Amino acid sequence: MCCFINSHDDVYDDEDEDNVTDDDDDDAVDDDDDFCFVVDDDDDNDVDDKIRPPSSFQVSYAVDQVLYIESLSDWLTSSLLKEDECGGDDGGGVEAKLHLMEGINSDSGSRALPASFDGDQSFISTGRVEYGKLYGIISLCRVIKSTDEIEVMRYAAYVASNAHVQLMRAAAKKECSFEYELEALFLYEIYRNGGCRRCAYTCIGACGPNAAVLHYGHAAAPNDRLLQESDMVGLPCLL
């Protein structure tokens, strides 16, 4: 398990969220240093460190520093004190805060609960935690894409589209007899020709009446139907 923290908390006020533009978005959270906290499964056993030391996470996730999550509380305490010495939130002398994400999903109505960790009560009880800003900022990040994110999305669409073409060809040649064979072929094609190891979700290989089943393809409906001559095929497989 990993958690990621940005060391600066220069965030918008709630009333400013509706006025964010593409140009402003890069400044919503000041990008000073990024930290990754990883679990130290066994302090008495250094096997995991030899297999994948903390430095490997630094390379994988392109962060500035990797620490063990057991040190998170102490690191946060020290970081908040340093922020206070620099003028606190926004440099205006206001006590620095730990921003945790909490909010209500406007589609489902479900509430996103804030993260919890060992020692979090010491920050909550002293009023050092702020819940109101981060959810809106993260929501904006999902809507407003950077140039790099758009490029990744285009590449994923290109790879998935090519894989779907191969599925249609295989189905026309009757090279696949079951839904799961279509799923297997899609996974093969995106990895072999696109270098994409995983999908965004479990592949939906819905044929015939199964195309009317919401979120078909999960463990209770595992893409196991035998394809019939007249079947329509629904394959919303995404990267």
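The values are calculated or read from the model by the stated rules, or taken from the named source; none is laboratory data. Just so you know, these numbers come straight off a predicted model, no measurement behind them. Backbone-built Cβ (ideal geometry, glycine too); neighbour counts: all protein chains shown. For the accessible areas, the whole protein counts, side chains as well, though only heavy atoms, and no ligand, DNA or RNA atoms are used. Shrake-Rupley method; radii C 1.70, N 1.55, O 1.52, S 1.80 Å.
Here residue 97 is the anchor, and the lysines within straight C-alpha reach of less than 16 Å, apart from those fewer than 8 places off in the same chain, are 82, 133.
Near residue 97, the amide H atoms lying under 5 Å from its own belong to 89; only residues 5 or more places off or on other chains count, and H is placed 1.01 Å from N. Could you please report the charge total around residue 155, scoring K, R as +1 and D, E as -1 over all other residues with beta-carbon less than 12 angstrom from its beta-carbon? Surrounding charge for residue 155 is -2.
Amide H contacts of residue 103: 112, each under 5 Å away and 5 or more positions distant or on a separate chain (H built 1.01 Å from N in the peptide plane; Pro and chain starts excluded). Please label the shape of the stretch 89-226 as rounded, prolate or oblate, based on the square roots a ≥ b ≥ c of the eigenvalues of the alpha-carbon gyration tensor (a/c under 1.5 means rounded; beyond that, a/b larger than b/c means prolate, else oblate). Verdict is prolate for the stretch 89-226. Under 5 Å between amide hydrogens, built in the peptide plane, is the criterion, and for residue 207 it picks out 234 among residues at least 5 positions away or on other chains.
Positive contributions from Lys and Arg (+1) and negative ones from Asp and Glu (-1), summed over other residues with Cβ under 11 Å from the Cβ of residue 224, come out at -2.
Computed over neighbours whose Cβ is under 11 Å from that of residue 210, the net charge equals -2, Lys and Arg +1, Asp and Glu -1. Rounded to the nearest 0.05, the FRET efficiency derived from the C-beta distance between residue 126 and residue 56 at R0 = 30 Å is 0.25. Compactness of the stretch 142-218 is given as radius of gyration and Dmax, 14.1, 42 Å, from Cα positions. Note on surface exposure: 52, 142 rank 142, 52 by accessible area, highest first, 1.4 Å probe. Peptides 210-221, 72-83, 145-156 ranked from most to least packed, by the mean per-residue count of other Cβ atoms within 10 Å: 72-83, 210-221, 145-156.
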